[in-house]
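Structure first, commentary second.
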Amino acid sequence: MNTLKRAAVLCSPAVLALGLPAAATAAAGVTISPKPGTPVAMPKTQISFLGAPAKSLGSISVIGSSSGRHAGRLRSYSSATGASFVPAKPFAPGERVTVHAVCKDAYGKRRLLSTFFTVAQPASVPQMEFPTTPGTPADIQSFRSEPELHPPTVTVHQAAGAASAPGYIFATPFVGPGQYGPMIFDDDGRLVWFRALRPGEDAADLQTQVLRGKSDLTWWQGRTLTFGYGLGEDVIANANYKTVAVVRAGNGLQADEHEFIVKPEGSAWILAYSPVRADLSSAGGPGSAITLDGVIQEIDIHTGLVMWEWHSLGNVDVSESYSKLPGNPINPFDYFHINSLTIDRHGNPLISARNTSALYDIDAKTGRVMWRLGGKKGSFTLGPGVAFADQHNAVWLNGREISLFDDEGAPPVKPASRGEIVKLDPKAKTATLVTQLVRSPGPLSTASQGNTQALPGGNWMVGWGGLPNFTEFNAQGQVIYDAQLPAGEFSYRVYREPWAAQPSAPPKIAATRESACPPGAACVRAGNGVTVYASWNGATTVASWQLLTGTSANALHPVSTTPKTGFETTIPAPSAAFVEVRALSASGRVLATSKAMAPTAG
């Protein structure tokens, strides 16, 4: 949603009463969440008044049908005009809540704001996580200078050439061998940066985004459950790899891994899954069963307040799902499975729902679904080759074209999986296939996940999600780069992006003095056998390493310069009591210096 445009209309003369018909609501200048009639608001829900300055709001009345009147605090957003009323206590599950407030506009006129919603009956689900694939020692990287890092290896099948787009490869390996976490590497598979997460945690959707004029790294981290969603938080780190913000879901939920969109002015769109009890009779199920509600939130990054919220339940009926009802009543019915979100030029969200095999365009002011692409109730006639199943990562390319990743998932519908670009004609209500991206030779079929990224020059990067592979295509759909993580590995999405960074932490070294070079060891002999290993996790501008040696840590002098080779560079060193390295740029400028250390016995 374009928060800057929305902020320009404050308590407009149009009367806002969110119990009014959609046409009246759409004309108003303030958007309240939860939307009128929301059936599954969480007990810890705050009332969001997006577009209304806190100082213009008064006479706020929040009454639960069983919990009574709720006191609370009114808190302003930092990234857009608006405020949230944060109740002092939770609402009662199952009760109906009515909200009334008065907004005083710029002309001094008092306008009525109102909404009503029903509080969900939250449910618990088994907290099962994906089994891991151990792999072999060859599947895991190790470094002498960074002994605690063990990311998975990368195997290149088709090398990148001049036709490839510039940039590094961004991935988030999990499930397979090695440690899990956000990972950046070059076209040759050589590591650039890796942040190992704690055991039991994984990451997703590592990419670059702009926040307040600066290009930052963003990703999700937490726990991925076998039901296919995550419980965690979203992270923003700067070009020094320092965390500048952690974005958490509001209203008692935890952020899901499927999407994290940062807006430059300081808000973020996130997703969440909410297990609640719902009526499944329209899908042939019981009148009350555990169901996964798909939730969208826009979060004010600085304050953590919820600025806007949307629920799939109440907007998309469970009968639209292609999923089978679970046989075990303790397992949730994942009828929708929201897995991507993109915002159009009008500020309206377009979302992808895997389990209805459809895309939904949502009116940001009313929350109603304006049209569907695919699924049981599609609004467009699909041309030859357009039909998709279990899709992910729907992205607006312009006002008429959408890219997506067509899994043709689990069970397989029409293998193989592919990247797909579709052109919409809103007037004729038709959808036409522009192009498709199928790996050749060796087409792939994945059961889950995946993405299709538009690159400069008409190229495309396709991450195959539930497979370890990723492939770059040119504008003609030909494979120009192909590589993979170890067998059994997943990376939810894979991107190719430019990135320049210099870590705030200094370079690291290891230095060993060995009496002999072990058979087959990749060590360099010099003098009496001192070898230095140098690395700087995340640095992108190091061209060479300058070696310094001396009789003490305070009496070091340069003795050699060695070109940087991969993540860790092996440097031959003469006999010395202490060694140190400097990271040099291509022009020879000193970027940073490691700590001095005495070589240890190898």
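Computed over the chain, relative contact order equals 11 percent, with contacts defined as Cα pairs under 8 Å that lie 6+ residues apart.
Summing Lys and Arg as +1 and Asp and Glu as -1 over all other residues whose Cβ lies under 15 Å from the Cβ of V102 gives a net charge of +4. Note that the chain, at 25 °C in a medium of 0.890 mPa s, gets a Stokes-Einstein diffusion coefficient of 94 µm²/s from its Kirkwood radius over C-alpha pairs.
Taking amide H atoms as placed 1.01 Å from N in the peptide plane, the amide H of Q121 lies under 5 Å from those of G94, R277, each 5 or more residues away in sequence or on another chain.
Place a point 7 Å from the Cα of K214 along the Cα-to-Cβ direction; which residues of region 250-265 have their backbone N under 15 Å from it? Hits in region 250-265 for K214 at 15 Å: 264-265. How far is the Cα center of region 576-602 from the Cα center of region 140-197, in Å? For region 576-602 versus region 140-197, the Cα centre distance is 24 Å.
The mean sequence separation of alpha-carbon pairs under 8 Å and at least six residues apart, normalised by the residue count of region 172-231, gives a relative contact order of 25 percent.
Please state the charge dipole magnitude for region 248-367, taken about the Cα centre, from unit charges on C-beta atoms (+1 on K and R, -1 on D and E), reported in debye and rounded to the nearest 20.
180 debye
Rolling a 1.4 Å probe across all protein chains gives I301 an accessible area of roughly 30 Å². The stretch between A162 and I330, if pulled fully straight at 0.36 nm per residue, gains 55.1 nm over its current Cα-Cα span. Between the residues V30, L404, G228, the greatest Cα displacement towards the positive end of the dipole of the chain, with unit charges on the Cβ of Lys, Arg, Asp and Glu, is found for V30.
Rolling a 1.4 Å probe across all protein chains gives R372 an accessible area of roughly 40 Å². Restricting region 235-312 to trypsin sites (Lys or Arg not before Pro) that sit in a DSSP loop and have at most 12 other Cβ atoms within 10 Å of their own Cβ leaves K242. In region 340-409, the convex hull through the Cα atoms has an average projected area of 4.5 nm², a quarter of its surface area. Across region 129-135, computed HN-Hα scalar couplings (Karplus, 6.51 cos²θ - 1.76 cosθ + 1.60, θ = phi - 60°) run 10, 5, x, 9, 9, x, x Hz from first to last residue, x flagging Gly and Pro.
Between R96 and R589, the modelled label-to-label distance comes to 6.7 nm, taking each label 7 Å out from Cα in the direction of the beta carbon.
A Förster distance of 45 Å, applied to the separation of the beta-carbon atoms of Q476 and R198, puts the FRET efficiency at 0.55. The trypsin sites (Lys or Arg not before Pro) found in region 90-124 that occupy coil by DSSP, while having at most 16 further C-beta atoms within 10 Å, are K109.
Here the chain is assigned +1 on the Cβ of each Lys and Arg and -1 on the Cβ of each Asp and Glu. Its dipole about the Cα centre then comes out at about 1880 debye. Using the Kirkwood radius over C-alpha pairs as Rh, can you work out the diffusion coefficient of region 418-492 via Stokes-Einstein at 4 °C, viscosity 1.567 mPa s, in µm² per second? Once the numbers are plugged in, D ends up at 98 µm²/s.
Only DSSP H runs of four or more residues enter the estimate; each adds -39500 (n - 2.57), and after division by the residues of the chain the mean residue ellipticity at 222 nm equals -500 deg cm²/dmol. As a calculated quantity, the FRET efficiency between R345 and S323 at R0 = 35 Å, using C-beta atoms, amounts to about 0.60. What do you get for trypsin sites (Lys or Arg not before Pro) in region 423-456 restricted to DSSP loop and a cutoff of at most 10 other Cβ within 10 Å of the site's Cβ? Of the trypsin sites (Lys or Arg not before Pro), the ones in loops of region 423-456 whose Cβ has at most 10 other Cβ atoms within 10 Å are K427.
Between K377 and T600, the C-beta separation translates, for a Förster distance of 60 Å, into a calculated FRET efficiency of about 0.35.
A straight Cα-to-Cα reach below 19 Å connects K429 with the lysines K376, K377, residues fewer than 8 places away in its own chain not being considered.
Once backbone amide H atoms are built at 1.01 Å from N, N537 has K508 as its partners under 5 Å, excluding neighbours fewer than 5 places away on the same chain. The lysines within cross-link reach of K89, meaning a Cα-to-Cα straight distance under 17 Å and a gap of 8 or more places when in the same chain, are K44.
The values are calculated or read from the model by the stated rules, or taken from the named source; none is laboratory data. Computed from a prediction, not measured in an experiment: that's the story for all the values here. Quick reminder, even Gly has a Cβ in these numbers, built from the backbone with ideal geometry, and neighbours come from all protein chains shown. Areas reflect the complete protein model, heavy atoms only, side chains present, ligands, DNA and RNA absent. Shrake-Rupley method; radii C 1.70, N 1.55, O 1.52, S 1.80 Å.
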